[in-house]
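The values are calculated or read from the model by the stated rules, or taken from the named source; none is laboratory data. Please read these numbers as outputs of a predicted model, since none were measured by experiment. Here the Cβ positions follow ideal geometry from the backbone for every residue, glycine too, while neighbour counts run over all protein chains shown.
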Amino acid sequence: MRLRLHALSLLLVTAALAADPVPPPGFKAIFNGRDLSGWHGLNPHSVVKLQGEKKEAALKAMRDEFPQHWRVENGELVNDGHGAYATTDADFGDIELRIEYKTVAKADSGIYLRGTPQVQIWDWNQVFDPKKPDRKPHLGSGGLFNNTPGTPGRDPLVLADRPFGEWNSFRIRQIGAVTWVWLNDKLVVDGAVMENFYDRSKPLDARGPIMLQTHGGEIRWRNLFVKEYSAEEAAKILKDAGK
């Protein structure tokens with residue numbers, strides 16, 4: 001009996017270890033696949049004009065509500081389409097982010113870098129509406145949707161989304177405000193400047209959190225890995241890219 005219990009314990013431990021996300025060399029996991037540690041709820045748009053006690057109360061309410069809409073399931077970070085955005089406790093500067101997602105029809109979402117919107121995720125099956133000329137979901141995901149319409153990077157270079165039910169994979173590199181996005185190994189943003197959504201007259205913040213937007217439908221995330229670049233590495237990347 002003891003041998004059986006010991007063997008069962010070993011199997012459970014092995015399974016738990018096997019479920020841990022394994023980052024590529026040079027990267028670290030920012031989601032542990034087990035719980036919501038390292039993350040909190042925040043919708044920056046709802047508090048941008050608040051101050052003092054009202055702001056503190058709103059921030060606390062979003063943190064308290066966070067686990068009502070976000071959960072961990074099978075090693076995936078899952079949102080029900082509602083609530084505040086999943087926000088890293090840590091801030092990041094020059095990085096490469098690798099992340100996988102799977103969403104549903106009629107939902108849209110996005111990834112905020114340095115707390116700034118956003119690398120867009122669309123339901124690319126939507127038909128273009130000429131009454132909304134700046135919204136082009138049919139072109140696919142990965143564009144810097146909150147850049148000024150018509151500027152480089154605002155819309156993706158190619159349609160790279162996979163069908164619903166399949167996982168999509170982002171590789172996002174941001175050095176300063178210069179941003180590259182690969183979706184499913186296809187380059188969709190080629191070194192475009194991400195604008196400061198909150199004040200376009202100012203440069204993008206040097207550091208800020210990574211945020212996963214929730215917007216009207218279930219979305220699942222997995223394999224969230226970040227590589228942070230030193231100032232020397234960042235300068236070399238920009239130089240090699242001619243930026």
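The single residue among Gly191, Gly142 that is surrounded by fewer than 19 Cβ atoms within 10 Å (Cβ to Cβ), out of contact with any His (no Cβ under 9 Å at 6 or more places or on another chain) and within 28 Å of Asp89 (Cα to Cα) turns out to be Gly191. Could you please give the count of residues in region 68-81 that are in contact (Cβ under 8 Å) with a residue 60 or more places away in the chain and basic (Lys, Arg)? Residues in region 68-81 being in contact (Cβ under 8 Å) with a residue 60 or more places away in the chain and basic (Lys, Arg): 0 in total.
With closer than 16 Å to Asp91 by Cβ, crowded, with 16+ Cβ neighbours inside 10 Å and of a type in the set (Val, Ile, Thr) as the only criterion, which of Ile237, Ile210 stands out?
Of Ile237, Ile210, the one residue that is closer than 16 Å to Asp91 by Cβ, crowded, with 16+ Cβ neighbours inside 10 Å and of a type in the set (Val, Ile, Thr) is Ile210.
If you filter region 194-207 down to residues that are surrounded by fewer than 18 Cβ atoms within 10 Å (Cβ to Cβ) and in contact (Cβ under 8 Å) with a residue 12 or more places away in the chain, you find that the one that is nearest to Asp161 (Cα to Cα) is Asn196.
Name the one entry in Ala86, Ala58 that is in contact with a Ser or Thr (Cβ under 8 Å, 6 or more places away or on another chain), in a helix (DSSP H, G or I) and surrounded by 14 or more Cβ atoms within 10 Å (Cβ to Cβ).
Ala58
Selection of first residues in region 82-102 that are closer than 13 Å to Phe66 by Cα and of second residues that are basic (Lys, Arg) and outside any loop (DSSP other than H, G, I, E, B), restricted to Cβ pairs under 9 Å at least 6 apart or on distinct chains, gives the following pairs, ordered by first then second residue: Ala84/Arg63. If you check Glu65 against the conditions, is it outside any loop (DSSP other than H, G, I, E, B), among the acidic types (Asp, Glu) and loosely packed, with under 15 Cβ neighbours inside 10 Å? Yes; evaluated as a whole, the condition is true for this residue. How about region 17-50: which of its residues are touching a Leu at 6+ places or on another chain (Cβ under 8 Å) and at pLDDT below 95? Selection gives Pro21, Val47. The set of residues in region 213-223 being surrounded by 18 or more Cβ atoms within 10 Å (Cβ to Cβ) and in a loop (DSSP other than H, G, I, E, B) consists of Gln213, Thr214. If you scan region 144-170, which residues turn out to be closer than 17 Å to Thr103 by Cα and either acidic (Asp, Glu) or in contact (Cβ under 8 Å) with a residue 12 or more places away in the chain (or both)? Within region 144-170, Leu159, Ala160, Asp161, Arg162, Phe164, Gly165, Glu166, Trp167, Asn168, Ser169, Phe170 meet the criteria. Exactly one residue among Arg154, Arg135 is among the basic types (Lys, Arg), at pLDDT 95 or above, surrounded by 14 or more Cβ atoms within 10 Å (Cβ to Cβ) and over 17 Å from Asp185 (Cα atoms), and that residue is Arg154.
Candidates Arg98, Arg154: the one that is part of a strand (DSSP E or B) and either of a type in the set (D, E, K, R) or more than 22 Å from Gly41 (Cβ to Cβ) (or both) is Arg98. Checking region 116-125 against the condition returns a match, with at least one residue being surrounded by 14 or more Cβ atoms within 10 Å (Cβ to Cβ), farther than 23 Å from Asp185 by Cα and out of contact with any Cys (no Cβ under 9 Å at 6 or more places or on another chain). Is at least one residue of region 119-130 in a loop (DSSP other than H, G, I, E, B) and touching a Gly at 6+ places or on another chain (Cβ under 7 Å)? Among the residues of region 119-130, at least one is in a loop (DSSP other than H, G, I, E, B) and touching a Gly at 6+ places or on another chain (Cβ under 7 Å), which makes the answer yes.
Whenever a residue of region 38-60 is free of Cβ contacts under 8 Å to residues at least 40 places away in the same chain, its partners that are hydroxyl-bearing (Ser, Thr, Tyr), lying with C-beta atoms within less than 9 angstrom and at least six residues away or across chains, give the pairs Ala58/Ser46.
Step by step: first the residues of region 97-115, then only those that are buried (at least 16 other Cβ atoms within 10 Å of the Cβ) and hydrophobic (A, V, I, L, M, F, W, C), then the one that is nearest to Pro21 (Cα to Cα). Which residue is that? For region 97-115, the residue satisfying everything is Ile99.
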